[in-house]
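The values are calculated or read from the model by the stated rules, or taken from the named source; none is laboratory data. Computed from a prediction, not measured in an experiment: that's the story for all the values here. Here Cβ is always computed from backbone atoms with ideal geometry, including for glycine, and neighbour counts include all displayed protein chains. Calculation scope for accessible area: heavy atoms of the full protein, side chains included, ligands and nucleic acids excluded. Shrake-Rupley method; radii C 1.70, N 1.55, O 1.52, S 1.80 Å.
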Amino acid sequence: MSAQTQATPSNAPLRLGIAGLGTVGIGVVKIIQRHVDLLSARAGRAVSISAVSARDQMKNRDADLSHYDWVADPRQLAARDDVDLFVELIGGDEGIAREAVETALRSGKDVVTANKALLAVHGQELAELAESLGRTIRFEAAVAGGIPVIKAMTESLAGNDIRRVMGVMNGTCNYILTRMESAGLPYAEVFEEARQLGYLEADPTLDVGGIDASHKLAILASIAFGTRVSFPSVEIEGIERVSIDDIRQAGELGYRIKLLGVAQMTGRGLEQRMSPCLVPADSPIGQLQGGTNMVVIEGDSVGQLVLRGAGAGEGPTASAVMSDIIDIARNVRLPVFGQPATALATPVAARTAVPAPYYIRMELLDKPGALAKVATVLGDAGISIDQMRQYDSDTGQAPVLIVTHSTTPEAIDHAIAALPGTGVLVGEPVELRIEEL
Ligand code: HSE
């Protein structure tokens, strides 16, 4: 399918089938009920709900659903004759969500989804299926919640050669890291707090393991570079190893630690990495607090754009879903990833090679010559030291902090692998990239 905008939309109501009535689904229902006139004025036609589906019909929900048919199976909802647009808010990259989306497309319906996992894992085949059938899949809510980053990249920045896209795209991790800093609490305690507040995904590894944010990064990289979504080639490291010591030491150096995703096309191929990094505390990303998300896009003509906003929650995520629904109501159908799916290039995955300074923290046996041995390992790996100091701790060992001059990830890996051979290392060192944004 090529990009198409039909100038004369039909005036018949756009009839939705909404599968998944969690926070986001209920948020969408509420907007549709609250803004009947506004939506119909903006879309040029009414937007109505024919039927809904969720796991538990008896659950008490914060919206009146009595006017809509209830369908137990989302696949049946997706195939109904009185549904023009299937809204998938179930989640998960396999199973019922995927089957229902495929059913909707094969039944001639467009799809709006917030499902980043589904798109990151099966985006290419779903896009090809949709476009071969003259349909589209829109997914503004899948990346960075309420921030209109998909629209910005596929439409507003379509005239730019995108050089780099990066950001903080998991609010839970940003909450944990900022709370550790502000309350001086260890990771495990704040993780538990986040769990009790309901911030963590059912499988918390998706959040703290960096997987959810990497799904989002892979989707953005596809749009930015005209390549097939390549989630398996994202280099992923989560925040589980970040300690309160790292947060304090980074702070003393003028940095904050953020789970940062970076995607860029280099001469060697597509680099996609998601990892905790030190960023300047006074940079826009360094100042990002709590569950807020930020996406930074660099285009050859536009320069640098910084988009900031709520990355999750009922209102912001439903706002993003609604923008896609209104596009479909207006008969605006773009190719799923901004250009026809069959024309997307297969990316060559490249390991991160762009040099950067690194922060290395380790515990050493407190004995003569220990620091010298570490310095020798770094020197042998071709790494030049910018700062090196021992700081106070009650562990009985000698905690040492090193900041390197700009070096390659390969040299860092080499040095880290050689450190145990010094015989003075206690436990595992922590190495974090420093991104001077
Ligand atoms: N778990 C996600 C986050 C929700 O914390 O950002 C939105 O994708």
Q.
Given an 8 Å cut-off on Cα distances and at least 6 residues of separation, report the relative contact order of the chain as a percent.
A. 18 percent
Q | Two-decimal Rg to Rh for segment 255-356 - Kirkwood Rh, Cα set | A | 1.02
Q) If you build a Gaussian network model of the chain, linking Cα atoms that sit under 10 Å apart, which residue out of LEU65, LEU278, LEU119 swings the most? A) LEU65
**Q.** Per-residue HN-Hα couplings for segment 118-130 [Karplus 6.51, -1.76, 1.60; θ = phi - 60°; Hz; x = Gly/Pro]
**A.** 4, 6, 5, 8, 10, x, 5, 5, 5, 5, 4, 4, 4
Q. Using θ = phi - 60° and the Karplus curve 6.51 cos²θ - 1.76 cosθ + 1.60, what whole-Hz ³J(HN,Hα) does each residue of segment 213-221 get, with Gly and Pro shown as x?
A. 5, 6, 4, 5, 4, 4, 5, 4, 4
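With all protein chains present, how much of the accessible area of the chain (probe radius 1.4 Å) comes from carbon and sulfur, to the nearest whole percent?
Numbers: 8610 of 17600 Å².
Roughly 49 percent of what the probe reaches on the chain is carbon or sulfur.
What whole-number value in Å² describes the accessible area per residue of the chain for a 1.4 Å probe?
Values: 17600 Å² over 437 residues.
Result: 40 Å² per residue.
Provide the FRET efficiency to the nearest 0.05 for the HIS67-GLU192 pair, computing r from the beta carbons and using R0 = 51 Å. If you can, show how the numbers build up before the last one.
Working: r = 41 Å, r/R0 = 0.81.
According to the calculation, E is roughly 0.80.
If I take all pairs of Cα atoms in segment 149-310, what percentage of them are more than 28 Å from each other? List each step's numbers first, then the result.
On the way: 2667 of 13041 pairs.
Of all Cα-Cα pairs in segment 149-310, 20 percent lie more than 28 Å apart.
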Q. Residue separation times 0.36 nm, minus the C-alpha to C-alpha distance between ASP413 and GLN33: what's the value?
A. 131.3 nm
Q) Which of the aspartates and glutamates could a cross-linker bridge to LYS258, judged by Cα under 14 Å and excluding same-chain residues fewer than eight apart? A) GLU181, ASP207, GLU237, GLU240, ASP246, ASP282, GLU431, GLU435, GLU436
Q: Would you pull out the residues with amide H under 5 Å of VAL83's amide H, same chain only if 5 or more places away, H placed 1.01 Å from N?
A: none
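List the trypsin sites (Lys or Arg not before Pro) within segment 8-90 that DSSP assigns to loop and that have no more than 11 neighbouring Cβ atoms inside 10 Å. Kindly include the intermediate steps, with their values, before the conclusion.
Working: sites: ARG15, LYS30, ARG34, ARG42, ARG45, ARG55, LYS59, ARG61, ARG75, ARG80; in loops: ARG45, ARG55, LYS59, ARG61, ARG80.
Taking segment 8-90 and a limit of 11 other Cβ atoms within 10 Å, the loop trypsin sites (Lys or Arg not before Pro) found are LYS59.
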Q: Please determine, in degrees from 0 to 90 and to the nearest 10, the orientation of helix 96-106 with respect to the longest principal axis defined by the Cα atoms of the chain, where the helix direction is its Cα long axis.
A: 50 degrees
Q) Over all distinct Cα pairs, what is the inverse of the mean 1/r for segment 112-211, reported as the Kirkwood hydrodynamic radius in Å? A) 15.9 Å
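What value, in deg cm²/dmol to 500, does the helix sum -39500 (n - 2.57) over DSSP H runs of n ≥ 4 give at 222 nm once divided by the residues of the chain?
Working: 13 runs with 142 residues, N = 437.
The helix contribution divided over the chain gives -10000 deg cm²/dmol.
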**Q.** Gyration tensor (Cα) of the chain, equivalent ellipsoid semi-axes in angstrom
**A.** 45, 23, 17
Q.
For the chain, take the longest principal axis of its alpha carbons; what is the angle in degrees between that and the long axis of helix 314-329, to the nearest 10 within 0 to 90?
A. 50 degrees
Q) Hey, if we sort LEU133, LEU21 by accessible area with the 1.4 Å probe, largest down, what's the order? A) LEU133, LEU21
